[in-house]
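Before we start, here is the structure in question, set down as structure tokens.
Throughout, read-outs are computed from the coordinates displayed, never taken from laboratory work. Bear in mind the structure is a predicted one, so any value in this text is a computation, not a measurement. We place every Cβ from the backbone using ideal geometry, glycine too, and count neighbours over all the protein chains shown.
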Amino acid sequence: MSNMIKLEGEIRLLNVLVDGCKKHPAYRAIRPATGRCEPCVKMWQARQDLQELEKCPVS
Ligand SMILES: [Zn+2]
């Protein structure tokens, strides 16, 4: 994975977390979403993907 692609992915995922959920402004994706609110689920997914990206070594 190139450094640039990784960076772009991280920025995209961070934006999802920064935007957050309008209905649940207190939700920070620290724990899994209930699954009933799409923005919250997307935030949780972004958090997981971000952690996966951080594990990837940059070549
Ligand atoms: Zn929500």
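By how many degrees, 0 to 90 and rounded to 10, does the Cα axis of helix 38-55 deviate from the longest principal axis of the chain?
Compared with the principal axis, the helix lies near 30 degrees.
Once the principal axes of the Cα atoms of the chain are found, what is the range along each, listed largest first in whole angstroms?
The Cα atoms of the chain stretch 39, 17, 15 Å along their principal axes.
Residue by residue through the stretch 23-30, what is 3J(HN,Hα) from phi via Karplus (6.51 cos²θ - 1.76 cosθ + 1.60, θ = phi - 60°)? Round to whole Hz and write x for glycine and proline.
7, 10, x, 7, 6, 10, 6, 6
D19 to C56: FRET efficiency via 1/(1 + (r/R0)^6), r the Cβ-Cβ distance, R0 30 Å, to the nearest 0.05?
Once rounded, the FRET efficiency stands at 0.80.
Enumerate the lysines that K55 could reach by cross-link, defined here as Cα to Cα under 19 Å, with residues fewer than 8 away along the same chain left out.
Output for K55: K6.
Obtain the nm distance between the two label points defined at V41 and S2 by a simple spin-label model: each point lies 7 Å from its Cα along the Cα-to-C-beta direction.
Between V41 and S2, the label points sit 3.4 nm apart.
Along the charge dipole of the chain, pointing to its positive end and built from +1/-1 on Cβ of Lys, Arg, Asp and Glu, which listed residue (L13, T34, S2) has its Cα farthest out?
T34
I would also like to ask the following. Under a Cβ-only charge scheme (Lys and Arg +1, Asp and Glu -1), can you give me the dipole magnitude of the chain about the Cα centre, in debye to the nearest 20?
320 debye
Rank these for me by crowding, L50, L13, going from fewest to most other beta carbons within 10 Å.
With the sparsest Cβ surroundings first, the list reads L50, L13.
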